[in-house]
Amino acid sequence: MPYKVETVLKDAVSTIGEAPHWDDATQTLLYVDILKGDIHRYDPANGKVDVLHLDGGVGFVNFVVPRKNGALVAGSGQAFVSVDWETKTVTKLAEVDPGTNNKLNDGKCDARGRVWAGTLDGQLTPHKGNLYCLDIDGSVSKQDENFTTSNGMAWSPDNNTMYFIDTSPREVYAYDYDIEKGKICKMLQKVDIPDAKRITSVCWGGKNLDELYLTTLKMHPTRAAFPVIDSLDGSLFRVTGLGVHGLPAEVYRG
């Protein structure tokens with residue numbers, strides 16, 4: 001049976017759709033509209049989308065993951081923040097790269113519930129970004145440095161390898177990973193990847209985790225006049241019928 005690609009939500013974002021996360025507990029899809037500072041929660045059961053705006057002068061939010069207590073953890077400016085959807089309360093958990101023009105970018109959780117996220121310079125200056133880990137005790141530590149556009153954390157099924165992307169130079173890194181200590185060790189490999197269109201991120205979702213959701217970019221973060229390539233730029237897509245499935249995404253356990 002051939003796979004099927006459908007447009008779930010046209011114009012799902014107005015700037016940059018990013019960081020999709022399937023919340024297995026609620027069977028909903030979380031994703032962000034970066035430059036608007038909005039967190040979206042899409043319920044495929046009824047097609048409803050709820051939006052929560054993170055106000056406070058930061059202006060954007062770069063990732064979101066669920067938290068074990070029912071709240072969310074997001075990257076907002078230079079801060080890891082906890083977000084209570086019902087009360088709209090935002091609480092700072094930790095801050096990184098103070099005194100710089102850096103901002104947090106993509107973030108994911110490892111199998112022990114730690115949040116990993118990297119930073120980038122506001123002007124995408126090469127080698128200004130760093131890689132951080134927010135542990136479940138609330139402590140934050142720098143794990144590596146000298147990146148341009150931190151992105152795309154993932155782990156091998158045995159948790160012995162951590163993968164990390166530096167988008168601008170199109171490089172994929174693989175590290176030895178100590179899951180018990182939450183530490184990356186020596187870099188195993190660096191792989192160059194070709195240029196891509198406007199897909200920003202993907203995640204597995206659905207009851208059987210066999211539906212691939214794709215977020216896309218509507219406008220470029222540093223170019224006011226970014227040409228529209230396709231009328232579906234900024235939409236949310238879903239691919240089904242691939243014949244494979246993913247693993248449940250982890251949540252922050254702190």
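The values are calculated or read from the model by the stated rules, or taken from the named source; none is laboratory data. This structure is a prediction, so every number in the text was calculated from the model and none was measured. Note that each Cβ is placed from the backbone with ideal geometry, even for glycine, and that neighbours are counted across all protein chains shown. For accessibility, only protein heavy atoms count, side chains too; no ligands or nucleic acids. Shrake-Rupley method; radii C 1.70, N 1.55, O 1.52, S 1.80 Å.
Some observations on this one:
- Failed criterion for T89 (all others in (1) in contact (Cβ under 8 Å) with a residue 60 or more places away in the chain; (2) farther than 24 Å from A12 by Cβ; (3) open to solvent by 40 Å² or more (accessible area, probe 1.4 Å) hold): (1)
- The set of residues from the range 114-143 being in contact (Cβ under 8 Å) with a residue 60 or more places away in the chain and out of contact with any Asp or Glu (no Cβ under 6 Å at 6 or more places or on another chain) comprises V115, Q123, L124, L134, D135, I136, D137, G138, V140.
- Here is the figure for the range 212-227: residues that are open to solvent by less than 50 Å² (accessible area, probe 1.4 Å) and at pLDDT 65 or above total 6.
- Pairing each residue of the range 5-20 that is more than 23 Å from L72 (Cβ to Cβ) and of a type in the set (K, R) with any residue that is modelled with pLDDT under 90 and surrounded by fewer than 14 Cβ atoms within 10 Å (Cβ to Cβ), provided the two are 6+ apart or on different chains, yields C-beta distances under 9 Å for K10/S231.
- Number of the condition not met by V81 [criteria: (1) crowded, with 22+ Cβ neighbours inside 10 Å; (2) more than 25 Å from S150 (Cα to Cα)]: (2)
- Residue satisfying condition, being open to solvent by 60 Å² or more (accessible area, probe 1.4 Å) and in contact with a Lys or Arg (Cβ under 9 Å, 6 or more places away or on another chain), within set K36, K4, K10: K4
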